[in-house]
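The values are calculated or read from the model by the stated rules, or taken from the named source; none is laboratory data. Predicted, not measured: the structure shown is a model, and the values here were computed from it. No Cβ is skipped: glycine too gets one built from the backbone with ideal geometry, and neighbour counts run over all protein chains shown. To get the accessible areas, we keep the full protein, side chains included, count just its heavy atoms, and leave off ligands, DNA and RNA. Shrake-Rupley method; radii C 1.70, N 1.55, O 1.52, S 1.80 Å.
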Amino acid sequence: MTVSAALMGSLLGAVVLAGAALAEPVEERAQPCAACHGENSIPQQKTVPVIWGQGQGYLYLQLRDYKSGARKNDIMTPLAQTLERDDMLALALYFSQKRWPNLQQPPAPPDVAARATRANVAIGCTGCHQGQYQGEGTQPRLAGQTREYLQQSMLDFRNRTRGNNPGMTDLMLAISEDDIAACAEYLAGLRLEGSPR
Amino acid sequence: MIAIRSALAIASAVALAGAAAAQEVKQAPKAAAAPGLTPSNVTQQMLDGAANDRNNFLHTNGDYTQKRFHPANQINAGNVRRLHPAWIFQTEVKESMETSPIVVNGVMYVTTSFSQVYALNAATGEQLWQYKHPLGPITTYCCGPNNRGVAVYEDKVYLATLDAKLVALDAKTGSKVWQSDVGDPELGYSETMAPTVVKGKVLVGTNGGEYGIRGFVKAYDAKDGKLLWTFNTIPDNSVGVWAEKDATGRDMHRNIQAEKDQLAKTGDPYKTLGGGVWQNPAVDLATNRIYFVVGNPSPDLDGSLRPGDNLYTDSLVSLDLETGRYVCHFQYIAHDVWDLDAVSPPVLVDARDKTGKVIPAVIHGGKTGHVYVHDRKDCSLIRFSDPMVKQENMWVLPTPEGARMLPGANGGVEWSPMTVNPQLGVTYAINLHQPMTYHVQSSPYPNGKLWLGGAFKVIPTEEQSGNITAVDYNTGKIRWQVKTPQPMIGGILSTAGGVVFAGEANGRFRAYDANNGNVLWSFNAGAGVNAPPSSYMVGGKQYIVVAAGGNVQIDSKRGNNIIAFTLD
């Protein structure tokens with residue numbers, strides 16, 4: 001993730017100010033998030049996740065974990081320091097009610113999809129992420145997430161760079177890096193049944 | 001940790017209130033659709049006599065003994081081939097269904113994933129009301145947003161929810177009467193079980209064995225939801241006797257010295273040791289005692305962080321109903337590192353002891369593939385059955401690379417309730433055969449996040465299957481076994497008509513001859529039939545009912561149907 005120090009500085013400033021103004025509507029408090037996660041649902045970079053339409057519980061837990069240090073990120077960690085639990089829940093609710101974007105990622109070819117499906121049989125991804133990988137509550141939606149972010153996240157769990165869910169680390173260690181690449185491609189290309197997204 | 005928890009608890013009260021307001025409660029009470037059909041009061045006398053009640057199905061597992069044996073015999077081995085759908089009801093939620101339909105004088109109560117309840121006309125399938133529980137933002141669960149049904153008592157319907165609440169609904173309208181917090185979902189607590197109601201108390205356990213909870217069974221006042229007692233399934237001293245062998249006498253390869261060293265270093269791990277209870281207790285009305293099984297220790301596969309026997313995980317436990325005080329326990333696997341825990345609800349039977357005398361007994365179908373038979377008086381083990389599934393390489397310890405062992409971590413018998421035909425002295429269990437490798441990884445307690453301590457990995461190249469097995473609990477011998485093409489999860493029902501009903505992941509719902517396992521009837525429901533069937537009578541007609549909604553754990557095809565069957 002390459003974001004200039006200047007951008008980081010301005011982001012931090014904006015959020016600190018937002019934190020100071022408690023009465024500020026959530027729309028305004030969410031404004032700085034657009035710098036990375038996109039003005040209109042589509043992230044600026046492929047390694048940045050879609051948060052529009054993501055589950056409230058999941059988004060809240062990530063903000064909580066950035067604040068506690070359980071999850072680390074040069075941009076998100078300082079941003080989360082300015083938020084209290086109610087702020088986190090409000091921001092999480094705000095983004096969860098937005099529409100998940102269609103990133104136009106192609107469906108995975110059959111051999112890749114088959115490999116991803118085998119990985120699911122082996123470790124049971126859908127046990128938490130739901131049958132269409134649509135997520136729910138504190139379990140994130142994976143269907144239609146950016147391929148690069150998915151792959152990086154799974155690898156980060158695997159090599160313990162991302163430490164806020166050791167259960168995911170365990171599961172990612174039980175499959176191979178090639179399986180992870182297949183899963184990322186497959187999940188990125190999924191659309192929800194009966195939904196254009 | 002205690003300070004952090006307190007702070008979170010205070011903050012969560014505020015936040016959850018806000019979140020609940022953000023999600024509209026969509027109760028849809030409609031006028032009773034069928035003339036004269038009004039939900040009836042359920043008396044304790046009705047609940048006590050459920051085993052002989054042909055018209056109703058009043059408990060998740062049939063009656064307080066949990067035999068799931070329905071006394072009606074209009075549908076029987078001679079005519080079950082004529083069984084056909086009477087009606088199909090489609091729920092709004094197309095996701096894993098594990099509900100046991102409850103039927104009270106022509107009204108049926110069923111639940112769906114995400115803790116929704118429907119009241120239906122049991123003769124027609126017409127909807128009377130629906131309750132959509134407004135789930136809070138934090139729900140933590142490992143194996144699907146399941147719900148296994150409701151309990152009924154007097155004028156209320158009781159539901160335990162995914163966000164760890166106990167809710168009492170008005171049986172006539174579906175509107176909420178009271179709600180109590182059972183646990184904090186942010187710390188890994190959730191509810192999927194149907195409550196049990198007995199003598200004015202509502203009993204619930206908790207999920208969370210994969211999240212480092214401290215398990216419990218709680219009793220609430222049925223009238224107002226006030227907490228009456230709590231039994232911690234993990235005692236303050238969870239160390240036990242350093243058992244080296246399992247219930248069947250096999251060596252579990254524990255490194256006792258390493259565990260003792262760890263205990264000296266980090267102390268008793270009881271605060272995060274798991275021990276969920278997510279299936280119903282059996283109730284012995286004569287002695288006023290309850291019997292339930294306690295699930296796995298946390299983290300599942302990594303024993304290095306939790307020295308000792310990890311009492312009372314993987315155990316049968318009995319309590320005094322009035323006070324919640326401990327009476328006895330029996331641990332099947334001490335210091336489990338395979339998640340081969342105890343989940344299928346215990347069943348009270350009269351069985352022969354070792355001398356041949358018939359005594360009050362309690363049986364449990366294990367993930368290990370054995371049916372265990374205990375003396376109800378002191379929980380001691382009388383016998384265990386022949387294995388119902390292949391057992392290989394037990395008890396090899398999990399490794400980082402993965403060690404193959406059978407059964408896989410789902411069993412044997414998973415949460416699926418068994419059924420008992422007391423006339424034949426036989427219990428019927430459904431089983432899984434899922435070859436797996438067991439992997440261990442160590443990480444510290446992650447504050448309510450998934451904490452497996454490794455992974456169970458299905459071996460994709462090995463064939464999976466299931467079976468229905470009839471076991472003579474007086475001898476432990478297998479009477480008959482029928483193999484199915486896919487692993488079986490869901491439940492089973494037997495009836496006085498000499499028939500056993502069970503569903504499969506491929507959508508098949510079948511009737512078997514209770515005597516020999518011959519297939520007498522088959523129906524394809526179009527989605528996984530992974531829920532326990534019920535039976536009841538309305539207007540002189542017997543019905544069999546089952547949910548076909550698929551299952552998360554074995555990833556069978558999802559659906560949203562409640563299907564009731566009857567004869568011509």
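Does region B:219-232 include one or more residues that are without any contact (Cβ under 8 Å) to a residue 60 or more places away in the chain, of a type outside the set (K, R), part of a loop (DSSP other than H, G, I, E, B) and farther than 23 Å from B:Q45 by Cβ? So that I can check it myself, show each step before the final result.
Quick first cut of region B:219-232, residues without any contact (Cβ under 8 Å) to a residue 60 or more places away in the chain only: B:220-221, B:223-227, B:232.
Still in the running and of a type outside the set (K, R): B:220-221, B:224-225, B:227, B:232.
After this cut, where a residue has to be part of a loop (DSSP other than H, G, I, E, B) as well, the list is B:224-225.
Then drop every residue that is not farther than 23 Å from B:Q45 by Cβ, which leaves B:225.
Taking every residue of region B:219-232 in turn, at least one turns out to be without any contact (Cβ under 8 Å) to a residue 60 or more places away in the chain, of a type outside the set (K, R), part of a loop (DSSP other than H, G, I, E, B) and farther than 23 Å from B:Q45 by Cβ.
Of all residues being among the β-branched types (V, I, T) and within 16 Å of B:V337 (Cα to Cα) in region B:394-426, which is surrounded by the most Cβ atoms within 10 Å (Cβ to Cβ)? Just the residue, please.
Among those residues, the one meeting the criterion is B:V396.
Return the residues of region A:98-135 that are at the interface with another protein chain (Cβ under 9 Å from one of its Cβ atoms) and on the phi > 0 side of the Ramachandran plot; say none if nothing qualifies.
Once the filter is applied, which keeps residues that are at the interface with another protein chain (Cβ under 9 Å from one of its Cβ atoms) and on the phi > 0 side of the Ramachandran plot, region A:98-135 yields A:G124, A:Q130.
For the subset of region B:143-160 comprising residues that are within 14 Å of chain A (Cβ to nearest Cβ) and touching a strand residue (DSSP E or B) at 6+ places or on another chain (Cβ under 8 Å), which member is nearest to A:A92 (Cα to Cα)?
Taking the candidates together, the pick is B:P145.
Can we say A:D86 is surrounded by fewer than 21 Cβ atoms within 10 Å (Cβ to Cβ) and not in a loop (DSSP other than H, G, I, E, B)?
Yes: the conditions hold for A:D86.
Quick check on this structure: which one of B:A531, B:A564, B:A547, B:A527 is touching an Asp or Glu at 6+ places or on another chain (Cβ under 6 Å) and open to solvent by less than 30 Å² (accessible area, probe 1.4 Å)?
B:A531
Select the strands (runs of 3 or more DSSP E) contained entirely in region B:421-503, then report the ones holding at least 2 residues which are among the small types (G, A, S).
Fully inside region B:421-503 and qualifying: B:454-458, B:465-472, B:499-503.
Could you list all residues from region B:63-96 that are closer than 28 Å to B:V552 by Cβ and either surrounded by fewer than 17 Cβ atoms within 10 Å (Cβ to Cβ) or hydroxyl-bearing (S, T, Y) (or both)?
Hits for region B:63-96 are B:P85, B:I88, B:Q90, B:T91, B:E92, B:S96.
From the residues in region B:284-321 that are of a type in the set (G, A, S) and within 23 Å of B:V373 (Cβ to Cβ), which one is most open to solvent (accessible area, probe 1.4 Å)?
Narrowing region B:284-321 to residues of a type in the set (G, A, S): B:286, B:295, B:298, B:303-304, B:308, B:315, B:318.
Now restrict to residues that are within 23 Å of B:V373 (Cβ to Cβ): B:286, B:295, B:315, B:318.
On the way: B:A286: 98, B:G295: 2, B:S315: 0, B:S318: 0 Å².
The qualifying residue most open to solvent (accessible area, probe 1.4 Å) is B:A286.
Out of B:A282, B:A334, I need the residue that is of a type outside the set (V, I, T) and out of contact with any strand residue (DSSP E or B) (no Cβ under 8 Å at 6 or more places or on another chain). Which one? Break it down into steps so the answer makes sense when it comes.
Working: B:A282 fails: out of contact with any strand residue (DSSP E or B) (no Cβ under 8 Å at 6 or more places or on another chain).
Sole residue among the options that is of a type outside the set (V, I, T) and out of contact with any strand residue (DSSP E or B) (no Cβ under 8 Å at 6 or more places or on another chain): B:A334.
If I filter region A:69-81 down to residues being open to solvent by 40 Å² or more (accessible area, probe 1.4 Å) and in a loop (DSSP other than H, G, I, E, B), which single residue comes out as nearest to A:A34 (Cα to Cα)?
Across region A:69-81, the extreme among qualifying residues is A:D74.
What pairs can you find where one residue is in region B:540-553 and within 14 Å of chain A (Cβ to nearest Cβ), the other is of a type in the set (F, W, Y), and their Cβ atoms are less than 9 Å apart, with a gap of 6+ or different chains?
If the second residue must be of a type in the set (F, W, Y), the pairs left are B:Q553/B:W415.
Name the one entry in B:G212, B:G249 that is free of Cβ contacts under 8 Å to residues at least 24 places away in the same chain, farther than 21 Å from B:L319 by Cα and assigned to a loop (DSSP other than H, G, I, E, B).
Selected residue: B:G249, the only one of B:G212, B:G249 that is free of Cβ contacts under 8 Å to residues at least 24 places away in the same chain, farther than 21 Å from B:L319 by Cα and assigned to a loop (DSSP other than H, G, I, E, B).
Do we have any residue at all in region B:446-455 that's more than 8 Å from chain A (Cβ to nearest Cβ) and open to solvent by 10 Å² or more (accessible area, probe 1.4 Å)?
Within region B:446-455, none of the residues are more than 8 Å from chain A (Cβ to nearest Cβ) and open to solvent by 10 Å² or more (accessible area, probe 1.4 Å).
Go through B:T60, B:T111, B:T99 for me and flag whichever is open to solvent by 10 Å² or more (accessible area, probe 1.4 Å), modelled with pLDDT of 95 or more and closer than 30 Å to A:Q134 by Cβ. I'd like the intermediate steps shown before the answer.
Details: B:T111 fails: open to solvent by 10 Å² or more (accessible area, probe 1.4 Å); B:T99 fails: open to solvent by 10 Å² or more (accessible area, probe 1.4 Å).
From the options B:T60, B:T111, B:T99, the qualifying one is B:T60.
Could you grab me the full set of residues in region A:80-97 that are in contact with a Phe, Trp or Tyr (Cβ under 7 Å, 6 or more places away or on another chain) and more than 14 Å from every other protein chain (Cβ to nearest Cβ)?
Hit for region A:80-97 is A:A80, nothing else.
Among the residues of region B:498-509, is there at least one that is within 11 Å of B:I75 (Cβ to Cβ) and free of Cβ contacts under 8 Å to residues at least 60 places away in the same chain?
Within region B:498-509, one or more residues are within 11 Å of B:I75 (Cβ to Cβ) and free of Cβ contacts under 8 Å to residues at least 60 places away in the same chain.
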